[in-house]
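Shown next, in structure tokens, is the structure this report addresses.
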Amino acid sequence: MPTKWHFFSGTFILPVLLSVWMQAVSALSIQLIPQYPAVGQSVTLSVTGINGNLRQFSWYKGPNSNAEYQILSYIQSVNPPQTNGSQYFSRASGLPNASLLISDLVITDRGNYTVIVQTDRGSQQESLNLTVYIPVTKPVVRANSSLVKENDTVTLTCETENAERIVWGRSNDRLPSDITLSNDNRNLTFSSIKRSDSGDYYCEAENVINKIKSDIYTLTVNYGPENLIITGPNGIESYFNMTVGTSLSLNCSAVSFPPPTYHWKHNEIDLRKYDSILTLDLSLKENGNYTCTASNSKTNITVATSVVVIVYDRTLTPDPPGPSGEKIGIIIGIVVAIIVVALIAALIYLFVIQKARQKNSNKKNKTTNVSVTPSSGNAVEHCSLLGRFFSIFPHRGQSSSTVRVYHHLISYWFS
């Protein structure tokens with residue numbers, strides 16, 4: 001059963017709680033419009049939550065509300081209502097609802113602002129720290145080197161101001177997986193750049209008030225020349241057999257960026273031809289070695305390769321010669337000559353030895369009156385020896401004259 005005390009306490013506490021709630025709901029506050037004011041813009045320090053009928057207000061800039069920090073005071077019943085203080089500046093003006101308008105913001109406008117409001121119910125005070133933001137400047141991408149060669153270490157830098165965040169991108173492609181970014185994302189580094197890293201790069205800078213992208217930076221990786229080849233009508237060949245009166249086009253190509261410059265030589269004589277294709281109208285004087293040199297002015301790399309062109313006259317040489325056939329013919333001729341000389345020397349040696357043996361045998365026969373003839377065993381032995389000597393060489397490579405010499409000597413030996 002409720003007592004008088006319960007009734008009294010409820011009657012007393014309820015108005016107090018209601019008053020506290022109303023004060024909390026109607027507490028003075030300052031809001032920025034816009035929320036993130038930037039240099040050059042206008043901002044309103046909007047006052048809300050005034051309790052009662054507004055009579056006057058004052059604005060201050062500084063650590064407290066002492067008179068030395070007063071910007072202005074505003075009394076509704078006075079004309080003009082605004083009175084300027086020691087911290088007043090021409091871009092600041094009071095509004096009838098106790099707000100403060102600052103136009104054409106500059107960096108020095110940032111700081112602590114305090115408002116004191118007088119109403120028919122008393123005084124209210126609130127403070128706010130004003131931050132003046134600076135828009136990010138348009139970023140510019142630069143490389144640490146204007147000439148980028150494959151395997152170089154290359155760093156791209158995003159140059160901008162007032163950015164709180166920087167993001168890199170690559171047009172129509174992903175960023176390479178092996179890049180390194182600095183802690184603030186301003187620097188993008190290729191430790192060993194590849195030709196596949198060529199492309200269009202950009203960076204985007206932003207803070208709370210704006211975002212802006214750089215212009216495209218085209219990264220070009222120079223490489224080569226490499227894989228230099230010379231091709232003819234039938235593709236890649238080490239030599240070309242051609243007849244007098246025909247023409248031959250040699251095409252020199254290499255993998256390179258930028259495309260290389262080409263230079264042709266014939267038997268080490270400068271032809272002063274600088275195209276990738278060399279066209280020859282063939283005569284016997286076009287025989288020889290043709291060298292193509294490819295040079296890259298960016299990488300300072302030069303490579304060369306050669307082919308042999310053999311020009312023959314069908315009226316003089318029906319069958320086309322080849323470099324390998326000529327060399328084999330020379331080698332076979334030298335080998336045959338050595339064989340012939342060695343064979344003749346060996347046969348002469350055997351012939352002299354055998355004649356000496358016959359003379360000795362005749363002397364003995366005269367002494368003993370016994371007729372002695374060459375041993376059939378010795379003859380077989382010598383014949384076998386000579387046969388083995390000839391068998392180590394292919395008969396196909398022996399000339400008919402060599403064979404005739406061999407047979408004459410054998411006949412004379414057994415005569």
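A compact table of results
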quantity: Selection status of residue 249, touching a strand residue (DSSP E or B) at 6+ places or on another chain (Cβ under 6 Å) and either open to solvent by 20 Å² or more (accessible area, probe 1.4 Å) or not small (Gly, Ala, Ser) (or both); calculated: yes
quantity: Filter result for the condition that a residue is exposed (fewer than 14 other Cβ atoms within 10 Å of the Cβ) and out of contact with any Phe, Trp or Tyr (no Cβ under 7 Å at 6 or more places or on another chain), over 270, 275; calculated: 270
quantity: Test: residue in region 343-356 that is loosely packed, with under 14 Cβ neighbours inside 10 Å, among the small types (Gly, Ala, Ser) and at pLDDT 75 or above; calculated: yes
quantity: Considering residues of region 161-185 that are in contact with a Gly (Cβ under 8 Å, 6 or more places away or on another chain) and at pLDDT 95 or above only, the residue surrounded by the most Cβ atoms within 10 Å (Cβ to Cβ); calculated: 170
quantity: Subset of region 230-240 that is open to solvent by less than 60 Å² (accessible area, probe 1.4 Å) and in contact (Cβ under 8 Å) with a residue 40 or more places away in the chain - its residue that is farthest from residue 314 (Cα to Cα); calculated: 230
quantity: Unmet criterion (only one of (1) part of a strand (DSSP E or B); (2) open to solvent by less than 30 Å² (accessible area, probe 1.4 Å); (3) aliphatic (A, V, I, L, M)) for residue 136; calculated: (1)
quantity: Count of region 139-160 residues which are open to solvent by less than 50 Å² (accessible area, probe 1.4 Å), over 14 Å from the mean Cα position of the chain (by Cα) and free of Cβ contacts under 8 Å to residues at least 60 places away in the same chain; calculated: 3
quantity: Those residues of region 186-201 which are open to solvent by less than 50 Å² (accessible area, probe 1.4 Å) and over 8 Å from the mean Cα position of the chain (by Cα), in sequence order; calculated: 188, 189, 190, 199, 201
quantity: Condition met for residue 299 (outside any strand (DSSP E or B), modelled with pLDDT of 95 or more, open to solvent by less than 50 Å² (accessible area, probe 1.4 Å) and closer than 30 Å to residue 222 by Cβ); calculated: yes
quantity: Meets criteria (closer than 30 Å to residue 250 by Cβ and hydroxyl-bearing (Ser, Thr, Tyr)) for residue 223; calculated: yes
quantity: Evaluation of residue 218 against (1) in contact with a helix residue (DSSP H, G or I) (Cβ under 6 Å, 6 or more places away or on another chain); (2) free of Cβ contacts under 8 Å to residues at least 24 places away in the same chain; (3) not in a loop (DSSP other than H, G, I, E, B) (one fails), failing number; calculated: (1)
quantity: Those residues of region 221-243 which are in a strand (DSSP E or B) and either in contact with a helix residue (DSSP H, G or I) (Cβ under 9 Å, 6 or more places away or on another chain) or farther than 23 Å from residue 295 by Cβ (or both), in sequence order; calculated: 222, 223, 224, 235, 239, 240, 241, 242, 243
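Table: residues versus (1) within 30 Å of residue 163 (Cβ to Cβ); (2) in contact (Cβ under 8 Å) with a residue 40 or more places away in the chain; (3) open to solvent by less than 80 Å² (accessible area, probe 1.4 Å).
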position: 30; (1), (2), (3): yes, yes, yes
position: 52; (1), (2), (3): no, yes, yes
position: 60; (1), (2), (3): no, yes, yes
position: 74; (1), (2), (3): no, no, yes
position: 99; (1), (2), (3): no, yes, yes
position: 102; (1), (2), (3): yes, yes, yes
position: 115; (1), (2), (3): no, yes, yes
position: 121; (1), (2), (3): no, yes, no
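The values are calculated or read from the model by the stated rules, or taken from the named source; none is laboratory data. All values derive from a computational prediction rather than experimental measurement. Here Cβ is always computed from backbone atoms with ideal geometry, including for glycine, and neighbour counts include all displayed protein chains. For the accessible areas, the whole protein counts, side chains as well, though only heavy atoms, and no ligand, DNA or RNA atoms are used. Shrake-Rupley method; radii C 1.70, N 1.55, O 1.52, S 1.80 Å.
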